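Right, one structure below, let's go through it.
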Amino acid sequence: MENTMEFIKRSLLETKREGMEALVTYMEEIGYFTTPCSGGTHLAKEGGLAEHSMNVLNVALRLGLALLPKEQHTPENMFSITIAALLHDLGKCGQYGKPEYIPNILKSGKQSESKPYQRNKELLNVPHEVRSVALATMFINLTEEEQHAILMHNGLYGPLKYEIQGNETPLYMIIHWADMWASHVVETKKDEEEKAE
């Protein structure tokens with residue numbers, strides 16, 4: 001069975017986007033496959049970012065097939081969904097050797113159980129959505145729709161919420177709702193199952 005890292009690498013390379021091999025190598029170097037997805041809200045664990053991105057892709061592809069008209073089920077559209085879904089949180093890896101999340105060590109010297117990671121205070125306050133586009137475009141060209149979907153994926157919960165109204169594209173809505181479904185349904189259910197074990 002294919003593991004999360006293999007699945008993500010294969011999915012990105014299948015897009016055949018020029019520069020994707022270099023981007024995938026860079027993603028591995030900056031910790032995309034090992035970094036947590038959050039400080040404590042969802043998948044705040046090693047490898048959480050990759051797991052979340054895979055969950056978003058799985059939901060996004062299903063949404064795309066269910067909601068887009070059949071004539072739009074083209075390889076190009078499915079590849080755009082794949083790229084936007086797997087790169088939407090790329091910026092959570094941090095930048096220039098500074099990870100986005102670092103262990104949240106309590107005064108007792110132990111790592112917090114309720115919020116195991118905290119945002120790295122050495123990083124400037126660049127939203128991860130902006131960093132995601134900046135890091136990806138060091139290696140590949142993103143379409144305008146892909147950039148928009150990545151930048152706006154947090155919807156009204158993100159820093160660019162006032163830029164969305166009237167600019168809702170199908171790709172943006174697919175990525176936004178896939179991200180919401182993955183983090184609030186899929187991953188919440190997994191967390192509850194793991195705690196019950």
Problem set entry | Residue that is touching a His at 6+ places or on another chain (Cβ under 6 Å), touching a residue at least 12 places away in the same chain (Cβ under 8 Å) and among the charged types (D, E, K, R), where the choices are K92, K98, K45 | K92
Seminar exercise, completed: Result of the Cβ filter at 8 Å on region 9-20, keeping first residues that are over 12 Å from L142 (Cα atoms) and partners that are loosely packed, with under 13 Cβ neighbours inside 10 Å, at least 6 apart or interchain, is R10/E2
For this session: Select from region 91-101 the residues that are at pLDDT 90 or above and not in a loop (DSSP other than H, G, I, E, B) and list them in ascending order.
Result: G91, K92, C93, K98, Y101
For this session: Would you please name the residue that is farthest from V130 (Cα to Cα), looking only at residues in region 140-186 that are without any contact (Cβ under 8 Å) to a residue 60 or more places away in the chain, touching an Asp or Glu at 6+ places or on another chain (Cβ under 9 Å) and in a loop (DSSP other than H, G, I, E, B)?
Result: T169
Problem set entry | Subset of region 101-128 [among the polar types (S, T, N, Q), in contact with a strand residue (DSSP E or B) (Cβ under 9 Å, 6 or more places away or on another chain) and in contact (Cβ under 8 Å) with a residue 60 or more places away in the chain] | N104, S112, Q118
Seminar exercise, completed: Over region 154-174, the set of residues under 14 Å from the mean Cα position of the chain (by Cα) and closer than 17 Å to F79 by Cα is Y172, I174
For this session: Please go through region 115-139 and pick out each residue that is among the aliphatic types (A, V, I, L, M) and either part of a helix (DSSP H, G or I) or buried (at least 20 other Cβ atoms within 10 Å of the Cβ) (or both).
Result: V130, V133, A134, L135, A136
For this session: Give me a count of the residues in region 63-89 that are part of a helix (DSSP H, G or I), of a type in the set (D, E, K, R) and under 21 Å from S53 (Cβ atoms).
Result: 1
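The values are calculated or read from the model by the stated rules, or taken from the named source; none is laboratory data. Please read all numbers here as calculations on a predicted model, not as lab measurements. A quick note on method: Cβ atoms are made from the backbone with ideal geometry, for glycine too, and the neighbour counts reach across all protein chains shown.
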